[in-house]
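The values are calculated or read from the model by the stated rules, or taken from the named source; none is laboratory data. Predicted, not measured: the structure shown is a model, and the values here were computed from it. For neighbour counting, all protein chains shown are included, and Cβ atoms are generated from backbone atoms with ideal geometry for every residue, glycine included. Keep in mind that these areas ignore ligands, DNA and RNA; they rest on the heavy atoms of the full protein, side chains included. Shrake-Rupley method; radii C 1.70, N 1.55, O 1.52, S 1.80 Å.
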Amino acid sequence: MDKTYKLKVAGLERELNICKLNDAISIAGFIMFSDVPLVEACAKELLKKVPEFDCILTAESKGIPLAYEMSRLSGKQYYVARKKLKAYMKEPVIVNVTSITTVGAQTLILDKDYIDQMAGKRLLIVDDVVSTGESLRALEELVSHTKAKLVGKAFVLAEDAAADRKDIIYLEKLPIFPNK
């Protein structure tokens, strides 16, 4: 029988599968894709906690449904940092990132059109989970290439030590699980 972790977030309960990450630790797999009630509830609760903002930035990842719903509820634009270069991109800004949940290095890319649209705006970074902070670091680096003002960093879950960070907003802490 697979091990699971019971998570309570935004008034909902979910049973998360425990997944071995490496020989030392396992993590609870938090997947927002296809869970519309969870996305809606988390977006609503995060919007209560974040500062005033004009637009949202997320990575091309599981945070997209959350950013979309926060955008829909707030009426504010959202942007997605893409993982692959697209033919339509003009003067893209590319940042490398290594995430604990993905094998190998990745890239996050912002198109010049997005960068121009963000100029002078109060920007909120949004994603599903912050853990080591590497994806967040990459998003912050992308923001540094814009003329936007970063006003907040919001997550549904802060995994392990990330919950001790003072520069993020999150709904619940998610533990990691040592392998025995």
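Would you pick out the residues in segment 133-180 that are more than 20 Å from residue 82 (Cα to Cα) and polar (S, T, N, Q)?
179
Residue by residue through segment 129-180, note down the ones that are in contact with an Asp or Glu (Cβ under 7 Å, 6 or more places away or on another chain) and either on the phi > 0 side of the Ramachandran plot or of a type in the set (Lys, Arg) (or both).
153
Out of all the residues in segment 5-44, which are touching a strand residue (DSSP E or B) at 6+ places or on another chain (Cβ under 6 Å), surrounded by fewer than 16 Cβ atoms within 10 Å (Cβ to Cβ) and closer than 29 Å to residue 123 by Cα?
29
Within segment 157-177, does at least one residue satisfy the condition of being in a helix (DSSP H, G or I) and buried (at least 19 other Cβ atoms within 10 Å of the Cβ)?
Yes.
Could you say whether any residue in segment 126-139 is open to solvent by 60 Å² or more (accessible area, probe 1.4 Å), in contact (Cβ under 8 Å) with a residue 12 or more places away in the chain and touching a helix residue (DSSP H, G or I) at 6+ places or on another chain (Cβ under 8 Å)?
The answer is yes, given that some residue of segment 126-139 is open to solvent by 60 Å² or more (accessible area, probe 1.4 Å), in contact (Cβ under 8 Å) with a residue 12 or more places away in the chain and touching a helix residue (DSSP H, G or I) at 6+ places or on another chain (Cβ under 8 Å).
Based on what the data block shows, is residue 122 touching a residue at least 60 places away in the same chain (Cβ under 8 Å) and among the basic types (Lys, Arg)?
Spelling it out, residue 122 is indeed touching a residue at least 60 places away in the same chain (Cβ under 8 Å) and among the basic types (Lys, Arg).
Among the residues of segment 49-99, what is the count of those that are open to solvent by 30 Å² or more (accessible area, probe 1.4 Å), part of a strand (DSSP E or B) and among the hydroxyl-bearing types (Ser, Thr, Tyr)?
Going through segment 49-99 one residue at a time, the tally reaches 1.
Just to be sure I understand the filter: pairs with C-beta atoms under 8 Å, separated by 6 or more residues or on different chains, first member in segment 51-74 and closer than 17 Å to residue 34 by Cβ and without any contact (Cβ under 8 Å) to a residue 60 or more places away in the chain, second member in a helix (DSSP H, G or I) and aromatic (Phe, Trp, Tyr). Which pairs pass?
none
Which residues, taken from segment 1-30, are outside any loop (DSSP other than H, G, I, E, B), under 17 Å from residue 171 (Cβ atoms) and of a type outside the set (Val, Ile, Thr)?
Hits for segment 1-30 are 5, 6, 7, 8, 12, 13, 14, 16, 28.
Restricting segment 140-156 to residues that are charged (D, E, K, R) and assigned to a strand (DSSP E or B), which is most open to solvent (accessible area, probe 1.4 Å)?
The extreme case among them is 149.
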